[in-house]
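Notes to accompany the following structure.
The values are calculated or read from the model by the stated rules, or taken from the named source; none is laboratory data. What you are looking at is a predicted structure, and each value in this text was computed from that prediction instead of being measured. FYI the Cβ positions are ideal-geometry reconstructions off the backbone, even for glycines, and counts take in every protein chain you see.
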């Protein structure tokens, strides 16, 4: 018999993160963020907001939002992997290979109503109730989610800063009869 969701919070394992794992995780996430910002600046400033149709293929459009998929799967991942090789991470937990980064990269462009502060407030969730609300709203196919371990909290000076581990269970399309629910533990970082 399979597990029932949501899992009672007391049944989730306690996560201990060493200072080395914390430092390595922060270096990895900072490198990923820097890579993302460089890609944005290249698109916004060097290309003046014009999508390179040789690199990106249109996948979906709705109102003023457009989603593109990388034409050559792994190009962005390869560039990112080259950057990550320079990280001085000593923990095997964060060893990165091209194989782990090969899914096609997507890019979303356009405009939407609202403010960046509102979006960031939704992203930085420290508590179970806030996480459940955001995840359920953004991904209707959620069986369970949890804040497992917070390493860095937001502050008055940096209200959108957060680093911690979260747990997420995606519902099976067959109600777990043929295909089981998919779960993951991930490191989330906002700065």
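May I ask you to list the residues in region 62-78 that are under 27 Å from residue 111 (Cβ atoms) and within 22 Å of the chain's Cα centre (by Cα)?
Once the filter is applied, which keeps residues that are under 27 Å from residue 111 (Cβ atoms) and within 22 Å of the chain's Cα centre (by Cα), region 62-78 yields 65, 66, 67, 68, 69, 70, 71, 75, 76.
Listed residues 46, 52, 64, 24; which is more than 30 Å from residue 175 (Cβ to Cβ) and in contact with a strand residue (DSSP E or B) (Cβ under 8 Å, 6 or more places away or on another chain)?
Answer to the check: 64.
Yes/no per residue for (1) modelled with pLDDT of 85 or more; (2) under 30 Å from residue 42 (Cα atoms); (3) part of a loop (DSSP other than H, G, I, E, B):
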residue	(1), (2), (3)
129	yes, no, no
150	yes, no, no
154	yes, yes, yes
166	yes, no, no
186	yes, yes, no
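With the checklist (1) at pLDDT 90 or above; (2) in contact with a helix residue (DSSP H, G or I) (Cβ under 9 Å, 6 or more places away or on another chain); (3) exposed (fewer than 13 other Cβ atoms within 10 Å of the Cβ) in hand, flag the one item residue 9 doesn't pass.
Residue 9 satisfies all of (1) at pLDDT 90 or above; (2) in contact with a helix residue (DSSP H, G or I) (Cβ under 9 Å, 6 or more places away or on another chain); (3) exposed (fewer than 13 other Cβ atoms within 10 Å of the Cβ) except (1).
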